[in-house]
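Since the structure comes first, as structure tokens, the remarks are kept for the end.
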Amino acid sequence: MRLNNILRIALLSFKEGLRQKVIYGVSCFGLIMAAATYAFIPFIGFDICRVVIDFMLMAVSAGCLMIIFFLCLPGLVNDIREQTVYFVLSSPVSREEYILGRFLGFSMILFVALVILNVPALLMVKLYIIKYPGYVPLHFGWHKLLLASFFKFYAALVFLSFVFLVWSIMESGVLVSIASIIAYLIGQNINTVKDIAMNSKTMGITAKNLISLVSWIFPNLGYFNLNTYAAYGVNLPEHYLSKIFVYGFSYMGVAIVITMFFFKRRDL
Amino acid sequence: MDAIVLESVTKKYRSDIERQEKTVLDNLSFCLKEGTVFGFLGPNGAGKSTTIKILLNFIIPDSGRVFVNGLSPDRHNVRKEIGYMSEKPCVYANMTIGELVSFKSYITGVEKTFGMGYTDRLLEKTGLLEYKNRPLKRFSKGMLQRASLALALVHDPKILVLDEPLSGLDPLMRHEVIELLKDLREQGKTIFLSSHILNDIEKVCDDIAILNKGRIMYAGKIDEASVNDGLENFFVKTLTDLQ
């Protein structure tokens, strides 16, 4: 596998993706969310800064999700349907290099979206800290907010790797979309469901095992939710950040390897 | 050496609707010598595009062996020697032809071999230099065909695999492409060409094969095929006699 090929494909994906103008839509979304925060937050009489932080982190998360569903996923589906994948694979490029290049290119677009979405988000938080200093949580820190925002992006990367996996297996773009939406919903809630299941005295062992299996297969996006940490500065469990980083990296690695396995055997 | 060899290649598809297995290529065997221009003919659905995709490793045959330049197509280095032009232009519409040619020239390493300015020289040769910075979504059909041909020629490949290179072109452009193909033949390139336009095939090909329902119906010199009534009549006669 040649790094040069992967980087070239990544750059191609990045340029092609940026020119599709979805990023402008996401930027507008970020501005709308900031404006909505400015308009509606004053009506909330308590915990204002916490709500602003939550809102802004939600905007970052939603913006990254839009990039995945409106740019990355259609890009992959169109590669097969419009046969644009032939352009890359008719060159001396392996299918593995193509997958890694596309994933890296989409990751770069997600990072650009993260930076763009963070601008109005951080400005809004700063505005409310200045406007309502009494509501600023005691242990609030800008580095905690940035870290929480980064892990929204990281969660998007983990989810993107799952989208790649599903795309490599399924031929229909509709099925890929449906499977991805289901995976996202499961990923956001599996932590809560698993906690309830494991602590339940009435749930059978089979059901518990099934929930445990689901939590292994689908990406556990709840792990990357650091909203409370960002808003209140609460202490995280020891080595939590490194654990979730390793989990995310491992999940992405396994998902991409399985993607390569299936894609290599697929008729294009 | 034979540039392209297919030995007993079979490919079947299972239709989702009919739930039946359909044989697209049935024990297909032929070989193509270096330096020849080979016309691959057949009616719609004969298996021509499937054969081409197998040569490029886009499709994996169910059985049989394929060699391109002596190597299996699943080795991606093989494609350093192949220039491919698809029937439908398969390009990223928001990119410019200059960017795509640059991409190909970096990936294949020709930029290092031929130096800076190679992209411009190639675009000038295919009449696309003035459109270098125009996104491909704003190209006409004829310009897209030329762009696809330019992308196939970027790395000066030994073997060209062209799927319907003349379709959608006006007569003037068809003439220019045919002259280009003759020029490439003089340079010793091996050209594997699939087309429905039999008049143009007669002008440029040395050998032909006629494919129908995944099987070779005729393979031989084009002079022998077209000696009596012309290639088109021979083509129709071959297909109707065997039905």
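Among the residues of the range A:54-88, count how many are outside any helix (DSSP H, G or I) and touching an Asp or Glu at 6+ places or on another chain (Cβ under 6 Å).
Initial filter on the range A:54-88 (outside any helix (DSSP H, G or I)): A:82-84.
Applying the additional criterion that residues be touching an Asp or Glu at 6+ places or on another chain (Cβ under 6 Å) yields none.
Residues in the range A:54-88 being outside any helix (DSSP H, G or I) and touching an Asp or Glu at 6+ places or on another chain (Cβ under 6 Å): 0 in total.
Just wondering, is there one or more residues in the range A:56-79 that are out of contact with any Gly (no Cβ under 8 Å at 6 or more places or on another chain), acidic (Asp, Glu) and surrounded by fewer than 22 Cβ atoms within 10 Å (Cβ to Cβ)?
The answer is no, given that none of the residues of the range A:56-79 is out of contact with any Gly (no Cβ under 8 Å at 6 or more places or on another chain), acidic (Asp, Glu) and surrounded by fewer than 22 Cβ atoms within 10 Å (Cβ to Cβ).
Check B:Val37 against each of (1) within 14 Å of chain A (Cβ to nearest Cβ); (2) buried (at least 16 other Cβ atoms within 10 Å of the Cβ) and name the one condition it does not meet.
(1)
Every residue in the range B:85-100 that is within 7 Å of B:Leu136 (Cβ to Cβ), over 21 Å from the mean Cα position of the chain (by Cα) and facing another protein chain (nearest Cβ under 7 Å), please.
Hit for the range B:85-100 is B:Met95, nothing else.
For A:Leu11, indicate whether it is out of contact with any strand residue (DSSP E or B) (no Cβ under 8 Å at 6 or more places or on another chain), within 11 Å of another protein chain (Cβ to nearest Cβ) and either without any contact (Cβ under 8 Å) to a residue 40 or more places away in the chain or part of a helix (DSSP H, G or I) (or both).
Working: out of contact with any strand residue (DSSP E or B) (no Cβ under 8 Å at 6 or more places or on another chain): yes; within 11 Å of another protein chain (Cβ to nearest Cβ): yes; either without any contact (Cβ under 8 Å) to a residue 40 or more places away in the chain or part of a helix (DSSP H, G or I) (or both): yes.
Against the criterion (out of contact with any strand residue (DSSP E or B) (no Cβ under 8 Å at 6 or more places or on another chain), within 11 Å of another protein chain (Cβ to nearest Cβ) and either without any contact (Cβ under 8 Å) to a residue 40 or more places away in the chain or part of a helix (DSSP H, G or I) (or both)), A:Leu11 qualifies.
Looking for whichever is of a type in the set (A, V, I, L, M), over 18 Å from B:Arg14 (Cα atoms) and surrounded by fewer than 24 Cβ atoms within 10 Å (Cβ to Cβ) here; the options are B:Leu28, B:Leu56. Which one fits? Quick ask: steps written out before the conclusion?
Values: B:Leu28 fails: surrounded by fewer than 24 Cβ atoms within 10 Å (Cβ to Cβ).
Step by step, each of B:Leu28, B:Leu56 is checked, and only B:Leu56 is of a type in the set (A, V, I, L, M), over 18 Å from B:Arg14 (Cα atoms) and surrounded by fewer than 24 Cβ atoms within 10 Å (Cβ to Cβ).
Of the conditions (1) assigned to a helix (DSSP H, G or I); (2) within 11 Å of another protein chain (Cβ to nearest Cβ); (3) modelled with pLDDT of 90 or more, B:Thr51 fails just one. Which one is it?
(2)
Kindly indicate which of A:Cys72, A:Cys64, A:Cys49 is away from chain B (no Cβ under 13 Å) and closer than 13 Å to A:Glu16 by Cα. Outline the logic, then answer.
Working: A:Cys64 fails: closer than 13 Å to A:Glu16 by Cα; A:Cys49 fails: closer than 13 Å to A:Glu16 by Cα.
Every option except A:Cys72 fails the conditions.
Could you check the range B:60-97 and list, in sequence order, the residues that are exposed (fewer than 15 other Cβ atoms within 10 Å of the Cβ) and either touching a residue at least 24 places away in the same chain (Cβ under 8 Å) or among the aliphatic types (A, V, I, L, M) (or both)?
Result: B:Asp62, B:Ser63, B:Arg65, B:Gly70, B:Leu71.
Could you please let me know if B:Tyr84 is in a helix (DSSP H, G or I) and either at positive phi or of a type in the set (Phe, Trp, Tyr) (or both)? Walk me through it before giving the result.
Numbers: in a helix (DSSP H, G or I): no; either at positive phi or of a type in the set (Phe, Trp, Tyr) (or both): yes.
Against the criterion (in a helix (DSSP H, G or I) and either at positive phi or of a type in the set (Phe, Trp, Tyr) (or both)), B:Tyr84 does not qualify.
Residues of the range A:40-55 being without any contact (Cβ under 8 Å) to a residue 12 or more places away in the chain and crowded, with 17+ Cβ neighbours inside 10 Å, which ones?
A:Val51
The values are calculated or read from the model by the stated rules, or taken from the named source; none is laboratory data. Computed from a predicted model, the values in this text were never measured in an experiment. Heads up, the Cβs are rebuilt from the backbone with ideal geometry, glycines too, and the neighbour counts pull from every protein chain shown.
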